[in-house]
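Worksheet: one structure, shown below.
The values are calculated or read from the model by the stated rules, or taken from the named source; none is laboratory data. Just so it is clear, the structure is predicted and the values come from calculations on it, not from any experiment. Cβ: placed from backbone, ideal geometry, glycine included. Neighbour counts: every protein chain shown. SASA here: full protein model, heavy atoms, side chains in, ligands and nucleic acids out. Shrake-Rupley method; radii C 1.70, N 1.55, O 1.52, S 1.80 Å.
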Amino acid sequence: MLENLPKTYNPKDFEDRLYKYWEDNGYFSPKIDKTKKPFTIMMPPPNVTGSLHMGHALNNTIQDILIRWKRMDGYEALWQPGTDHASISTEARVVAKLRSEGKSKEELGREKFLEEAWDWTHLYGGRIKNQLKKLGVSCDWSRERFTLDEQLSKAVEEVFIRLYDKGLIYRGNRIVNWCPSCKTAISDAEVEHEDSHGHIWQIRYTLKDSTGFIEIATTRPETMLGDLAIAVNPNDERYKGLIGKTAILPLVNREIPIIADEYVEMEFGTGAVKITPSHDPNDFEVGERHGLGQLIIMNEDGTINSNGGVYEGLDRYEARKKIVEDLEKNNYLVAVKDHDNAVGHCERCKTTIEPLISKQWFVKMEPLAKPALEAYEKGELKFIPERFGKIYAHWLENIKDWCISRQLWWGHRLPVYYCDTCGEIIVSRTKVDKCHKCNSSNVRQDTDTLDTWFSSALWPFSTLGWPDKTPELDYFFPTDVLVTGYDIIFFWVIRMVFSSIEQMGEIPFKDVFLTGLVRDSQGRKMSKSLGNGIDPLEIIEEYGADALRFTLVTGNSPGNDMRFYIERVEANRNFANKLWNATRFVLMNIEEDLIYDSIDIDKLEQEDKWIISKLNKVIKDVSDNLGKYELGLGAQRIYDFIWDEYCDWYIEMVKSRLYGENKESKITAQKVLVFVLKNILKLLHPFMPYITEEIWHHLPNNDKALIVSEWPKYNHEFEFEGAELAVEYIKAAIKSIRNARAEMNIAPSKKANTIFVTEDDTIKEIIENGKRHFMNLASAESITVFDNKEEIGEDNISVVLDRCEVFLPLKELIDYEKEIERLEKEKEKLEGEIKRVVGKLSNQGFVNKAPAKVVEEEREKQRKYEEMLNKVLERLESLNKSK
RNA sequence: GGUCGGUUAGCUCAGCUGGCAGAGCGCCACGUUGACAUCGUGGAGGUCGUUGGUUCGAGCCCAAUAUCGACCACCA
């Protein structure tokens, strides 16, 4: 007996130790080996100051499964890890921290603030890395990168300058989404629209010539302070006479023109729209068309500015309230109606977005989007599941320019300088002290930083050393698959694709595997505010990383949200325990000095061939599943094989040989036990890396770690169809016998002579060969095989099988009422089956058109069921007679 | 308004190219044989949301419909 395992599976005993062992041995670090194929995955960089949540656990588990599989399958597998500086959220946290200390970012100044931010980063920066390690991720930590690393910053700067030089980055005064809380512009992708129940106010503007008035409708009355016109549709008969006239803006008393523009929809509201070019994207365009100019009425914090007259200083919502009151007081307000519309919110802080005209930097998207779309349309870029391709394409087809400047300090500062003397804009790789145009030294760098996603868009190549030509970039790029949540397709996936095409000339990855959300057991999104988040680390602590990993990849399909149930983790922990104990059994029953590395096919017995043949199929299926990203199916396949075939049947079948006298048979069983177990461990390793590696080191003849062992291959020598059929027949027979005994309440300990009656030579042979199994697994005391039942007495339990009948002469235990009941049930079942089969076969269409194989199978079923039914009827008849 | 998902056992979900409906949990009965009670054996439980269609054959394909959900969207 070999070194034993502890009696129960306790993952805490070895998980951390094994992780260190893998890492210390450099197993996570691939080499550049041109004789081997690379396989690369870029880890979506978590926020540097973030902490591990179920979403991370899910997609990192998936990535780890793929990486471990490919590594074993002979690839140089690089999994590139790192973290993201997450400008807006990190900055918000540092600002909040400062506020709690009674300080503000402004009074601290840029330099000091950045010091604070770096302190914060260093304080929390290692946390998520250590949490990921707990999960067992086999990424190459020696290559860890951070988006603010010097190298990556260089890449950011390089891309900015290249795009600027190509005219793809420009500065413009345009309507942007402004977050009054974060006090920065954000991109369209960062705005979340949410339906809200609001109001629409109908307001009367008097005409200057006192000939009447015009009524407009608005959902944001406070913006009237910035009105520069009223627009109507040129085809609107109601207003034809008013076009060109002047209206007086209520409360403000500004004179504004009534203009005609196609943009106005006659059916909506009153058919007349107030135009506020500085605070609404549509109005902005109308304003441009009609040369209305601009009037900004709001400060960056959402309060009304000095252009708002008496309303100056009020928050936008206070101003709204006050303005409505004043309108009402002065009889300008005609009506208020309930009105639902979608309001934009800041993705980070949920504050309502204020559309605001502002001078910002933009990336011109159309030329970049086009090839990104083509890559998808040509099929170079694939999505799993496919439906996400449409979402990707739809976004690209409707893309708008990307606002990339942020009024934040934490991030990549724009490499842009302004000459205050001559107004020149200088974009430069190096610090600029003097204007190259007017030679003035009155030059200052732009204070803005870039959108975080601008740097993460470069992640697939910046982490490999770009813009330098590095061997890593040459070997590992492009990557193979991206695994990420569907919620960041717009933020990240799309931007990586076009950035990569633009800078590298090719797509950054071929496949995009999208995961769904992990929700709580009630189907709610896990969130901090709800307090319903489940901490992966707590789960790992209690059940082990393997159980958590297995839970996350089974029981759902890619791209679908999943509910997280602790019961499922428990079930998977139990599975690990099952494997653990199966291994203990094997270890208790093998010999130390035996060589287990080869098995001799000639010496294999029936059940050996059966399990090896089954294993062979599992190897094929799991490999296929992994290749198609069907991780859940693959995991399930191994689970079933381990539990239902290896543990429930093979181990049970082989026990008698292990305890028996036949030395050679025993050795063969021992070798097969170990052989199959080793293969199981390999197949399961990507899913449950810890337990498999731990067990592996207890098995004999293992010279290297499981993590770098070879992935099993399908082997044609292991196709044993005959043995498979035979063992499956035996299994079915054992189940039927057990069933009959259980229904008759006969304890398994009560052994019975078991008499088989069959004329079929194949069946006879199977039974003869399977005697042992009936004795051990079907409570048989002895086995007898007869050609017919004449030699058998009357007082039996009978079990009808395919081409065979089994009799258990347990006279004193038989309750004939029950036996009849049981057989009646059997009869009904068979009659139902026969009805179905006969129906099918009497359909000429089926017989003529279905594949011959299918028809033949049905015929065979008909024969089988009818034969079995006859036996049941016979049996019932004789029972009723003797009653 | 547009697009896309889900609807299968009591619960949560699988179900690959159309060919006898599956798993885990839960439930019922029995079980301490030296791997495992984190277990074993047996069992109950489903008109695959509804209606049509295609097909020899539909959980799967098509069309409607109901319902829940997600995403996109500048109707003031």
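Can you compute 3J(HN,Hα) from phi for each residue in region A:476-486, using the Karplus curve 6.51 cos²θ - 1.76 cosθ + 1.60 with θ = phi - 60°, rounded to whole Hz and x for Gly and Pro?
8, 9, x, 7, 9, 8, 10, 10, 7, x, 5
Between A:SER521 and A:ASP597, what is the label-to-label distance in nm when each label sits 7 Å out along the Cα-to-Cβ direction?
That separation, rounded to one decimal, is 4.9 nm.
Give me the net charge for the shell around A:ILE734: Cβ to Cβ below 13 angstrom, other residues only, Lys and Arg +1, Asp and Glu -1.
My count for the surroundings of A:ILE734 gives +2.
Work out from phi, with θ = phi - 60° and the Karplus expression 6.51 cos²θ - 1.76 cosθ + 1.60, the ³J(HN,Hα) of each residue of region A:56-70, listed in order in whole Hz, and give x for Gly and Pro.
4, 4, 5, 6, 6, 5, 4, 4, 5, 4, 5, 5, 5, 4, 5
Specify the inter-centroid distance of region A:240-256 and region A:120-184, based on alpha-carbon positions, in whole Å.
Between the Cα centres of region A:240-256 and region A:120-184 lies a distance of 49 Å.
Using amide H atoms built 1.01 Å from N in the peptide plane, name the residues 5+ places from A:GLY198, or on other chains, whose amide H lies under 5 Å from its own.
Correct list: A:HIS339, A:ASP340, A:ASN341.
If DNA, RNA and ligands are ignored and the probe is 1.4 Å, what is the ranking of A:THR352, A:THR8 by accessible area, most exposed first?
Highest to lowest solvent-accessible surface, that is A:THR8, A:THR352.
Using 0.36 nm per residue of separation minus the Cα-Cα distance, give me the extension gain between A:LYS735 and A:GLU860 in nm, one decimal.
Gain on extension, A:LYS735 to A:GLU860, equals 42.8 nm.
Pulled fully out, how much extra length does the chain show between A:LYS183 and A:VAL708, if you take 0.36 nm times their separation in residues and subtract their Cα-Cα distance?
Details: separation 525, 0.36 × 525 = 189.00 nm, distance 5.07 nm.
Between A:LYS183 and A:VAL708, full extension yields an extra 183.9 nm.
Quote the charge dipole size of chain A about the Cα centre in Debye, to the nearest 20; the model charges only the Cβ of Lys and Arg (+1) and of Asp and Glu (-1).
Charge dipole of chain A: 1120 debye, to the nearest 20.
Leaving out ligands and nucleic acids, note down the accessible area per residue over region A:1-111 with a 1.4 angstrom probe, in whole Å².
Values: 4650 Å² over 111 residues.
Averaged over the residues of region A:1-111, the accessible area is 42 Å².
Sorting check: for A:522-532, A:542-552, A:416-426, which peptide has the highest mean count of neighbouring beta carbons within 10 Å, and how do the rest follow?
Ranking the peptides A:522-532, A:542-552, A:416-426 by packing returns A:542-552, A:416-426, A:522-532.
Before I look further, what does region A:723-810 give for accessible area per residue, probe 1.4 Å, in whole square angstrom?
43 Å²
Which one of A:SER782, A:TRP201, A:TRP711 is farthest out on the positive end of the charge dipole of chain A, using unit charges on Cβ (Lys, Arg +1; Asp, Glu -1) and the Cα centre as origin?
The residue sitting most towards the positive pole is A:TRP201.
Which residues' amide hydrogens lie under 5 Å from the amide hydrogen of A:ILE169, considering only partners 5 or more residues apart or on another chain, with H built in the peptide plane?
A:TYR164, A:LYS364
Could you rank the peptides A:715-723, A:756-764 by their average count of other C-beta atoms within 10 Å per residue, with the highest value first?
Result, highest mean Cβ count within 10 Å first: A:756-764, A:715-723.
Using Cα positions and a limit of under 21 Å, work out the lysines in reach of A:LYS337, with same-chain residues fewer than 8 apart set aside.
A:LYS274, A:LYS321, A:LYS322, A:LYS329
Could you tally the net charge around A:THR90, taking each other residue with its Cβ under 14 Å from the Cβ of A:THR90, Lys/Arg +1 and Asp/Glu -1? Mind showing how you got there, number by number?
Working: positive: A:ARG93, A:LYS97, A:LYS105, A:ARG127, A:ARG348, A:ARG406; negative: A:ASP84, A:GLU91, A:GLU115, A:GLU116, A:ASP119, A:ASP451.
Within the 14 Å Cβ shell, the charges total 0.
Which is farthest toward the positive dipole end of region A:531-608 among A:ILE540, A:LEU587, A:GLN606, measuring Cα position about the Cα centre, with Cβ charges +1 (Lys, Arg) and -1 (Asp, Glu)?
Checked the options; the winner is A:ILE540.
Using the crude model of +1 on Lys and Arg Cβ and -1 on Asp and Glu Cβ, and no other charge, please compute the dipole size for region A:417-533 relative to its Cα centre, in debye to 20.
Computed about the Cα centre, the dipole is about 360 debye.
For A:ASP561 and A:ASN253, FRET efficiency with R0 = 56 Å and r from the beta-carbon atoms, rounded to 0.05?
Efficiency, from the Cβ-Cβ distance: 0.55.
Compute the distance from the alpha-carbon center of region A:634-681 to that of region A:369-442, in whole Å.
60 Å
Of the listed peptides A:848-854, A:155-161, A:744-750, what is their order by residue-averaged count of other C-beta atoms within 10 Å, with the highest listed first?
The peptides rank, most packed first, as A:155-161, A:744-750, A:848-854.
Shape of region A:205-268 from its Cα gyration tensor (a ≥ b ≥ c, root eigenvalues): rounded if a/c is under 1.5, otherwise prolate when a/b > b/c, or oblate?
Oblate, because a/c is 1.5 or more while a/b does not exceed b/c.
Under 5 Å between amide H atoms, partner at least 5 residues away or on a different chain: which partners does A:ILE175 have, H built in plane at 1.01 Å?
Close amide H contacts, sequence-distant or interchain: A:SER358.
Which percentage, to the nearest 5, of the DSSP beta bridges contained in chain A is antiparallel? Kindly include the intermediate steps, with their values, before the conclusion.
Numbers: 64 of 92 bridges.
Counting only bridges with both partners in chain A, antiparallel ones make up about 70 percent.
Could you work out how far apart the two model spin labels at A:ASP209 and A:LYS881 are, taking each label as a point 7 Å from the Cα in the direction of the beta carbon, and quote it in nm?
11.7 nm
Which whole-angstrom value gives the distance between the alpha carbon centres of region A:820-883 and region A:26-99?
Value for the Cα centre distance between the two parts: 58 Å.
Let me make sure I get this right: for region A:495-633, a, b and c are the square roots of the gyration tensor eigenvalues over alpha carbons, sorted descending. Under 1.5 in a/c it's rounded, otherwise prolate if a/b > b/c, else oblate. Which is it?
The shape class here is oblate.
With r defined as the distance between the Cβ atoms of A:ASP338 and A:SER529 and R0 fixed at 22 Å, what FRET efficiency is calculated, to the nearest 0.05?
0.20
Which value, in debye to the nearest 20, gives the size of the charge dipole of region A:382-455 about its Cα centre, when Lys and Arg are +1 and Asp and Glu are -1 at the Cβ?
200 debye
Return the carbon/sulfur percentage of the accessible area of chain A, one whole number, probe 1.4 Å, all protein chains in place.
48 percent
Per residue of region A:344-353, what does 6.51 cos²θ - 1.76 cosθ + 1.60 with θ = phi - 60° give for ³J(HN,Hα)? Whole Hz please, x for Gly and Pro, Karplus curve as stated.
With coefficients 6.51, -1.76 and 1.60, one gets x, 10, 5, 4, 7, 10, 6, 5, 5, 6 Hz.
So which lysines can A:LYS825 reach, going by Cα to Cα under 21 Å and dropping same-chain residues fewer than 8 places off?
A:LYS735, A:LYS835, A:LYS861, A:LYS864, A:LYS871, A:LYS881, A:LYS883
Can you pull the one-decimal nm distance between simple spin-label points at A:GLU570 and A:LYS628, each 7 Å off the Cα toward Cβ?
Placing both labels 7 Å beyond Cα along the Cβ direction yields 3.4 nm.
Taking 0.36 nm per residue of separation and subtracting the Cα-Cα distance, what length does fully extending A:ILE488 through A:ASP644 add?
52.2 nm
With the cut-off at 1.5 for a/c, could you classify region A:187-339 from its C-alpha gyration tensor as rounded, prolate or oblate?
Numbers: a/c = 1.41, a/b = 1.24, b/c = 1.14.
Rounded shape, in that the Cα axes give a/c under 1.5.
How high is the FRET efficiency from A:ASN715 to A:LYS166, r the C-beta distance, R0 51 Å, rounded to 0.05?
Using R0 = 51 Å, I get an efficiency of 0.40.
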